[in-house]
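Asker: First the structure, which I've put down as structure tokens, then a few questions once you've had a look.
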Amino acid sequence: MCGIVGATSERRISSILLEGLKRLEYRGYDSAGIAVIDANGQLDSLRRVGKVQALVDAQASAGTNGTIGIAHTRWATHGGVTECNAHPHMSGSELAVVHNGIIENHEHLREFLKAEGYQFDSQTDTEVIAHLIHHERKTCGSLLEAVKAAVRQLHGAYGMVAMDTREPETLVVARSGSPLVIGMGLGENFVASDQLALLPVTHRFMYLEEGDVAEITRTQIRIYDQQDNLVEREQHESDVTYDAGGKGQYRHFMLKEIHEQPIAIRNVLEGRLTTDSIASDTFGQGAEDILKDIEHVQIVACGTSYHAAMVARYWLESQANVSCNVEIASEFRYRKSFVHPNSLLVTISQSGETADTLAALRLSKELGYRASLTICNVGSSSMVRESDMAFLTRAGAEIGVASTKAFTTQLTGLLMLVLAIGKHRGMSADKQAEIVAAMKSLPAKIEEALALEEAIETLASDFANKDHSLFLGRGDQYPIAMEGALKLKEISYIHAEAYAAGELKHGPLALIDEDMPVIVVAPNNELLEKLKSNIEEVRARGGIMYVFADKNAHFGSDDSLHVLDVAHCDPLIAPIIYTVPLQLLSYYVAIIKGTDVDQPRNLAKSVTVE
């Protein structure tokens with residue numbers, strides 16, 4: 001959520017800032033703004049509610065430009081979606097600030113600043129930061145020192161950038177709990193909340209660590225750590241590519257990313273599997289020595305990643321013979337938990353910056369875990385840098401807010417973890433070879449699942465006037481039912497719930513009627529006959545069923561039972577395969593409903609605040 005872009009240069013930078021904001025639109029936002037110091041040394045700003053394009057149009061008319069500036073896309077937390085609440089926030093005519101995160105003691109600071117004579121024009125916590133820095137600037141010799149003094153008084157999370165007309169070539173940035181990256185150019189430097197924003201202007205980056213404050217000019221970068229020591233941060237050359245207009249032949253990024261799953265999973269597998277097992281360096285140098293000691297796995301994650309974790313629990317316990325707990329990160333970090341001996345803490349996150357999951361990782365370092373592993377799509381992220389081991393999913397940039405290829409590549413990585421732990425816990429060579437063969441079949445099996453697209457598009461019309469739905473699954477398909485329900489509610493705004501099918505008698509049957517479509521995932525596994533009984537319970541009460549079933553499961557369609565045959569696959573990889581038709585269903589229902597598929601209301605791609 002929320003995007004930051006800043007630049008200090010010899011050239012005019014408004015177009016760079018606005019292009020950066022466009023590249024961050026996938027994160028989710030509801031307003032956007034820009035501030036520059038113009039050629040006359042004046043602070044000039046524009047803010048607009050809605051899409052970045054509205055800000056682009058306003059900038060073209062106003063001619064806002066300069067060689068130093070900051071820009072922001074806001075996802076509302078404190079205060080509604082209004083122009084006065086949009087960033088950047090100003091203090092006086094000299095100072096401007098953009099900020100990601102939440103300041104928990106903003107009310108106390110607001111009262112203090114009001115007593116000092118400051119007037120507030122917004123309901124945001126960010127305006128508090130602007131006035132606080134301005135207040136400190138009165139007694140500090142520089143913007144850098146004023147920001148250092150201000151952040152010592154802030155409680156909460158922030159990634160912020162400040163600029164001051166009295167230092168018209170300087171940006172000062174600070175990071176605590178919200179990511180920031182510095183991009184280095186020739187005679188110019190940049191800052192952003194995500195390196196994707198800066199790829200048109202640089203591929204050289206430095207990542208700020210927790211507690212860092214940095215002073216950035218056209219020619220110099222000075223970084224101070226949490227103890228106020230001048231430090232050097234490692235430079236990285238990025239090979240990431242991203243085409244902001246890269247939907248290709250597809251109507252939406254989400255549909256493109258659904259169809260990219262076969263190649264994304266090929267990328268995950270490449271170089272990581274041998275003929276009959278997993279490569280020893282798959283989880284990094286030294287991972288083998290850690291994994292051979294593991295007796296328990298604790299997974300923490302949020303949202304879609306939590307559903308991947310729930311599938312992994314079935315796999316780890318049934319295939320690798322190791323106990324596993326799964327917990328939502330926001331719950332894990334706020335309760336007293338028991339740490340089993342030789343436990344591995346696994347965090348899962350597409351961005352590697354998910355606030356609650358990152359906080360859980362940091363907490364785990366105090367709790368006595370044997371080691372930590374993150375499964376993530378962004379190699380430069382905080383979780384990758386702070387974990388003992390990291391597995392990169394290689395999914396490529398995922399722009400649609402509703403996760404698709406990130407989810408299936410996470411599942412693939414988790415199945416590799418099952419192999420890596422299992423071979424140290426008595427998994428036979430034949431079983432390892434069987435899992436490897438199943439994983440190598442994934443790209444082709446997903447392509448077969450994608451062949452259902454036309455039939456699913458036709459089926460989706462049945463949901464045009466529906467407001468509620470139920471998803472059912474058993475065993476490791478229950479989390480896939482949960483993921484299907486999440487996708488449908490995320491992008492079509494239809495209320496959807498998922499249940500383990502055996503729970504029908506314990507309440508959900510009361511909801512069944514002809515207006516409540518029931519979607520079932522039914523691979524041909526040991527629970528199929530139990531699932532068929534659950535389906536009959538729904539049919540007997542007038543429910544309309546949509547069953548995604550193994551073509552060998554012998555379902556017959558009628559007016560109340562619509563069956564889509566899914567190609568047969570190894571039951572072990574069925575959770576990954578059956579995800580794909582549910583993604584397509586949610587997409588085509590959203591098309592019928594006329595919603596914003598790639599940027600659904602109220603949601604953000606990367607949740608970097610608690």
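Asker: Hey, among the residues in region 387-434 that are touching a strand residue (DSSP E or B) at 6+ places or on another chain (Cβ under 9 Å) and charged (D, E, K, R), which one's surrounded by the most Cβ atoms within 10 Å (Cβ to Cβ)?
Answerer: So the residue we want is K423.
Asker: Select, from G33, G63, G50, the only residue that is touching a Ser or Thr at 6+ places or on another chain (Cβ under 8 Å) and at pLDDT below 90. Quick ask: steps written out before the conclusion?
Answerer: Numbers: G33 fails: at pLDDT below 90; G63 fails: touching a Ser or Thr at 6+ places or on another chain (Cβ under 8 Å).
Going through G33, G63, G50 in turn, the sole match is G50.
Asker: Under 6 Å by Cβ, and 6 or more places apart or on different chains, what pairs join a residue from region 93-107 that is more than 17 Å from R47 (Cα to Cα) and at pLDDT 90 or above with one that is surrounded by 22 or more Cβ atoms within 10 Å (Cβ to Cβ) and of a type in the set (A, V, I, L, M, F, W, C)?
Answerer: Between residues of region 93-107 that are more than 17 Å from R47 (Cα to Cα) and at pLDDT 90 or above and residues that are surrounded by 22 or more Cβ atoms within 10 Å (Cβ to Cβ) and of a type in the set (A, V, I, L, M, F, W, C), the close pairs are H106/V128.
Asker: Which residues, taken from region 217-259, are over 25 Å from G177 (Cβ atoms), among the β-branched types (V, I, T) and at pLDDT 90 or above?
Answerer: T217, T219, I258
Condition check ((1) of a type in the set (S, T, Y); (2) within 20 Å of F190 (Cα to Cα); (3) touching a strand residue (DSSP E or B) at 6+ places or on another chain (Cβ under 9 Å)) across all residues:
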site: I4; (1), (2), (3): no, yes, yes
site: S31; (1), (2), (3): yes, no, yes
site: S45; (1), (2), (3): yes, yes, yes
site: R48; (1), (2), (3): no, no, yes
site: A54; (1), (2), (3): no, no, yes
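Asker: Return the only residue of L511, L527 being farther than 18 Å from A455 by Cβ, modelled with pLDDT of 70 or more and in the same structural domain as F471 (by the TED database).
Answerer: Numbers: L527 fails: modelled with pLDDT of 70 or more.
On inspection, the qualifying residue turns out to be L511.
Asker: Tell me, which residue of region 196-230 that is among the β-branched types (V, I, T) and surrounded by 14 or more Cβ atoms within 10 Å (Cβ to Cβ) is nearest to S380 (Cα to Cα)?
Answerer: Step one: list which residues in region 196-230 are among the β-branched types (V, I, T), which gives 201-202, 213, 216-217, 219, 221, 223.
When the remaining residues are screened for being surrounded by 14 or more Cβ atoms within 10 Å (Cβ to Cβ), the result is 201-202, 213, 216-217, 221, 223.
Numbers: V201: 18, T202: 15, V213: 19, I216: 20, T217: 23, I221: 19, I223: 18 Å.
Looking at the filtered set, the residue picked out is T202.
Asker: May I ask you to list the residues in region 170-223 that are more than 19 Å from G69 (Cβ to Cβ), part of a loop (DSSP other than H, G, I, E, B) and in contact with a Ser or Thr (Cβ under 7 Å, 6 or more places away or on another chain)?
Answerer: S178, P179, H203, E210, G211
Asker: Residues to consider are L345, L316; find the one that is free of Cβ contacts under 8 Å to residues at least 60 places away in the same chain and either surrounded by 20 or more Cβ atoms within 10 Å (Cβ to Cβ) or more than 22 Å from Q261 (Cβ to Cβ) (or both). Before the answer, list the steps.
Answerer: Details: L316 fails: free of Cβ contacts under 8 Å to residues at least 60 places away in the same chain.
Testing whether each residue is free of Cβ contacts under 8 Å to residues at least 60 places away in the same chain and either surrounded by 20 or more Cβ atoms within 10 Å (Cβ to Cβ) or more than 22 Å from Q261 (Cβ to Cβ) (or both) leaves just L345.
Asker: Give the residues of region 19-42 that are of a type in the set (A, V, I, L, M, F, W, C) and surrounded by fewer than 22 Cβ atoms within 10 Å (Cβ to Cβ), sorted by residue number. Explain how you work it out, then say what you get.
Answerer: Here is the first cut: in region 19-42, the residues of a type in the set (A, V, I, L, M, F, W, C) are 21, 24, 32, 34-37, 39.
A39 - this is the single residue of region 19-42 that is of a type in the set (A, V, I, L, M, F, W, C) and surrounded by fewer than 22 Cβ atoms within 10 Å (Cβ to Cβ).
Asker: Being under 23 Å from E234 (Cα atoms), of a type in the set (A, V, I, L, M, F, W, C), out of contact with any Gly (no Cβ under 6 Å at 6 or more places or on another chain) and modelled with pLDDT under 95: is that true of L186 here?
Answerer: On the way: under 23 Å from E234 (Cα atoms): yes; of a type in the set (A, V, I, L, M, F, W, C): yes; out of contact with any Gly (no Cβ under 6 Å at 6 or more places or on another chain): yes; modelled with pLDDT under 95: yes.
Yes: the conditions hold for L186.
Asker: Identify all residues within region 158-169 that are within 13 Å of G66 (Cβ to Cβ) and either crowded, with 24+ Cβ neighbours inside 10 Å or among the acidic types (D, E) (or both); write none if there are none.
Answerer: Filtering region 158-169 down to residues within 13 Å of G66 (Cβ to Cβ) leaves 163, 165, 168-169.
Within region 158-169, M163, E169 qualify.
Asker: Further question: Of these, D570, D565, D558, which one is among the acidic types (D, E), modelled with pLDDT under 90, more than 22 Å from the chain's Cα centre (by Cα) and closer than 19 Å to A444 by Cβ? I'd like the intermediate steps shown before the answer.
Answerer: Details: D570 fails: modelled with pLDDT under 90; D558 fails: closer than 19 Å to A444 by Cβ.
Going through D570, D565, D558 in turn, the sole match is D565.
Asker: Name the one entry in L154, L132 that is modelled with pLDDT of 95 or more and farther than 28 Å from A397 by Cα. Spell out how you get there, then give the answer.
Answerer: On the way: L154 fails: modelled with pLDDT of 95 or more.
Sole residue among the options that is modelled with pLDDT of 95 or more and farther than 28 Å from A397 by Cα: L132.
Asker: Which condition breaks for F471 when tested against (1) assigned to a strand (DSSP E or B); (2) within 26 Å of V297 (Cβ to Cβ)?
Answerer: It is condition (2) that F471 fails.
Asker: Let me ask something else about it. Restricting to region 144-157, name every residue that is without any contact (Cβ under 8 Å) to a residue 60 or more places away in the chain and either surrounded by 19 or more Cβ atoms within 10 Å (Cβ to Cβ) or part of a helix (DSSP H, G or I) (or both).
Answerer: Answer for region 144-157, where residues must be without any contact (Cβ under 8 Å) to a residue 60 or more places away in the chain and either surrounded by 19 or more Cβ atoms within 10 Å (Cβ to Cβ) or part of a helix (DSSP H, G or I) (or both): E145, A146, A149, A150, L154.
Asker: Can you pull out every residue in region 260-282 that is in a loop (DSSP other than H, G, I, E, B) and at pLDDT 90 or above? Explain how you work it out, then say what you get.
Answerer: Of region 260-282, the ones in a loop (DSSP other than H, G, I, E, B) are 260, 270-272, 274-277, 279-282.
Selection gives E260 alone.
Asker: Another one. Here is a list of conditions, (1) under 19 Å from V161 (Cβ atoms); (2) touching a helix residue (DSSP H, G or I) at 6+ places or on another chain (Cβ under 6 Å), and V56 meets all of them except one; can you say which number that is?
Answerer: (1)
Asker: So, in region 139-158, exactly how many residues are under 15 Å from I216 (Cα atoms) and of a type outside the set (K, R)? Lay out the reasoning, then the answer.
Answerer: Within region 139-158, the subset under 15 Å from I216 (Cα atoms) is 142-148.
So of that shortlist, the ones also of a type outside the set (K, R) come out as 142-147.
Residues that pass the stated criteria total 6.
Asker: Residue under question is I491, and the condition is that it be buried (at least 23 other Cβ atoms within 10 Å of the Cβ) and more than 14 Å from L415 (Cβ to Cβ); does it hold?
Answerer: Working: buried (at least 23 other Cβ atoms within 10 Å of the Cβ): yes; more than 14 Å from L415 (Cβ to Cβ): yes.
Here the answer is yes, as I491 does meet what is asked.
Asker: Would you please name the residue that is modelled with the highest pLDDT, looking only at residues in region 412-449 that are under 29 Å from L584 (Cβ atoms) and touching a Lys or Arg at 6+ places or on another chain (Cβ under 7 Å)?
Answerer: Applying the filter and picking the extreme gives M416.
Asker: Restricting to region 441-458, name every residue that is surrounded by fewer than 19 Cβ atoms within 10 Å (Cβ to Cβ) and touching a Leu at 6+ places or on another chain (Cβ under 7 Å).
Answerer: Once the filter is applied, which keeps residues that are surrounded by fewer than 19 Cβ atoms within 10 Å (Cβ to Cβ) and touching a Leu at 6+ places or on another chain (Cβ under 7 Å), region 441-458 yields E453, A455.
Asker: Taking the conditions exactly as written (in contact (Cβ under 8 Å) with a residue 24 or more places away in the chain, under 30 Å from K440 (Cα atoms), in contact with a strand residue (DSSP E or B) (Cβ under 7 Å, 6 or more places away or on another chain) and not small (G, A, S)), does I258 satisfy them or not? So that I can check it myself, show each step before the final result.
Answerer: Values: in contact (Cβ under 8 Å) with a residue 24 or more places away in the chain: yes; under 30 Å from K440 (Cα atoms): yes; in contact with a strand residue (DSSP E or B) (Cβ under 7 Å, 6 or more places away or on another chain): no; not small (G, A, S): yes.
Against the criterion (in contact (Cβ under 8 Å) with a residue 24 or more places away in the chain, under 30 Å from K440 (Cα atoms), in contact with a strand residue (DSSP E or B) (Cβ under 7 Å, 6 or more places away or on another chain) and not small (G, A, S)), I258 does not qualify.
Residue by residue, here is whether (1) in a loop (DSSP other than H, G, I, E, B); (2) among the charged types (D, E, K, R); (3) outside the structural domain of R218 (by the TED database); (4) within 24 Å of the chain's Cα centre (by Cα) holds:
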| position | (1), (2), (3), (4) |
| --- | --- |
| A7 | no, no, no, no |
| V36 | no, no, no, no |
| S45 | no, no, no, no |
| Q59 | no, no, no, no |
| T73 | no, no, no, yes |
| H78 | yes, no, no, yes |
| V81 | yes, no, no, yes |
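Asker: What single numbered condition from (1) buried (at least 22 other Cβ atoms within 10 Å of the Cβ); (2) under 23 Å from R12 (Cα atoms) fails to hold for R74?
Answerer: Condition not satisfied by R74: (2).
The values are calculated or read from the model by the stated rules, or taken from the named source; none is laboratory data. Since this is a predicted model, take the numbers as computed values, not measurements. Neighbour counts run over all protein chains shown; Cβ positions are idealised from the backbone, glycine included.
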